[in-house]
Amino acid sequence: MAYLHREQRREMILQAAMQVALNEGFSAMTVRRIATEAQTSTGQVHHHFASSSHLKAEAFIRLMQQLDEIENQVSTANPLQRLSLLLGCENIEQIQPYLRLWNEAEVLIEQDEEIKRAYNIAMQDWHRSIMRMIDAGRVQGDFQFDGKSEDIAWRLIAFVCGLEGIYKLGLQGLNESDFKRHTEAMIQAELFKN
């Protein structure tokens, strides 16, 4: 293997970790597995990252930024459709591995402080994206509402996170189309007030 500068090797390890995370989840992200994928030694992984938790957290943050970039490339007709996409109502196959990883991170936040920190960063980024979309919709005249977009964004996030938790339980009468219908009703209630 050719000589790589410190930052190049670190990036190569991080990219390998991201690929493992996206394809197989956090549980597959062992130092040995990532070293194998990056074609380097486990010592190099430990040299570049303080712990496997730090590596997992950094890979998660990067992947959530990648998800944001992917969502930005999806064409939508209007701010309402864009907001629906950002809230997870659109079933786009390309983003499903990212959403599975998001759900896995949510479970791990009680066990791993680094994942909790990374999840917090990703949640703040998601909030900013939704807030920007709400503000853009207001400027374009698509949304008329009272209150702060910051508060509305948090309520919408809380709603979809709670609804997704119920959806994951597999309760009878709540399927993917119901998730979308309920979320769109919440958007209507929040953003279409006179």
Q.
Is it the case, given these coordinates, that A136 is assigned to a helix (DSSP H, G or I), over 20 Å from L22 (Cα atoms) and touching a His at 6+ places or on another chain (Cβ under 6 Å)?
A. no
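A quick yes/no check of all residues on (1) touching a Ser or Thr at 6+ places or on another chain (Cβ under 7 Å); (2) assigned by TED's automatic domain parsing to the domain that holds R181; (3) under 30 Å from G141 (Cα atoms); (4) modelled with pLDDT under 95:
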site: Q8; (1), (2), (3), (4): no, no, no, yes
site: I61; (1), (2), (3), (4): no, yes, no, no
site: G88; (1), (2), (3), (4): no, yes, yes, yes
site: N91; (1), (2), (3), (4): no, yes, yes, yes
site: N103; (1), (2), (3), (4): no, yes, no, yes
site: E106; (1), (2), (3), (4): no, yes, no, yes
site: R117; (1), (2), (3), (4): no, yes, no, no
Q.
I need the full set of residues from segment 70-113 which are charged (D, E, K, R) and surrounded by 15 or more Cβ atoms within 10 Å (Cβ to Cβ), in order please.
A. E71, R82, E90, E104, E106, D112
**Q.** Total residues in segment 130-155, condition among the polar types (S, T, N, Q) and surrounded by fewer than 19 Cβ atoms within 10 Å (Cβ to Cβ)
**A.** 2
Q. For segment 169-194, how many residues are touching a residue at least 40 places away in the same chain (Cβ under 8 Å) and not aliphatic (A, V, I, L, M)?
A. 9
Q) Consider T36 against the criteria (1) over 30 Å from G162 (Cβ atoms); (2) assigned to a loop (DSSP other than H, G, I, E, B); (3) among the hydroxyl-bearing types (S, T, Y): it satisfies all of them except one. Which criterion is unmet? A) (2)
Q. Would you say A77 is in the same structural domain as I134 (by TED's automatic domain parsing), free of Cβ contacts under 8 Å to residues at least 12 places away in the same chain and of a type in the set (A, V, I, L, M)?
A. yes
**Q.** Filter result (part of a helix (DSSP H, G or I) and acidic (D, E)) within segment 139-189
**A.** E150, D151, E164, E176, D178, E184
Q: Find all pairs meeting these conditions: Cβ atoms under 7 angstrom apart; at least six residues apart or on different chains; first residue within segment 24-39 and within 21 Å of W102 (Cα to Cα) and not assigned by TED's automatic domain parsing to the domain that holds R10; second residue of a type in the set (S, T, Y) and surrounded by fewer than 19 Cβ atoms within 10 Å (Cβ to Cβ).
A: none
**Q.** Output for segment 104-163, where each listed residue is among the aliphatic types (A, V, I, L, M), touching a residue at least 24 places away in the same chain (Cβ under 8 Å) and farther than 30 Å from S51 by Cβ
**A.** I130, M133, I134, A136, I152, A153, L156, V160
Q | Residue that is modelled with the highest pLDDT [pool: residues in segment 159-194 that are small (G, A, S) and loosely packed, with under 11 Cβ neighbours inside 10 Å] | A | G162
Q: Specify the residue that is surrounded by the most Cβ atoms within 10 Å (Cβ to Cβ); the eligible residues are those in segment 115-129 that are of a type outside the set (F, W, Y) and more than 14 Å from D68 (Cβ to Cβ).
A: A118
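The values are calculated or read from the model by the stated rules, or taken from the named source; none is laboratory data. Small disclaimer: the values here were computed from a predicted structure and weren't measured. Using ideal geometry, Cβ is built from the backbone for each residue, glycine included, and neighbour counts are taken over all protein chains shown.
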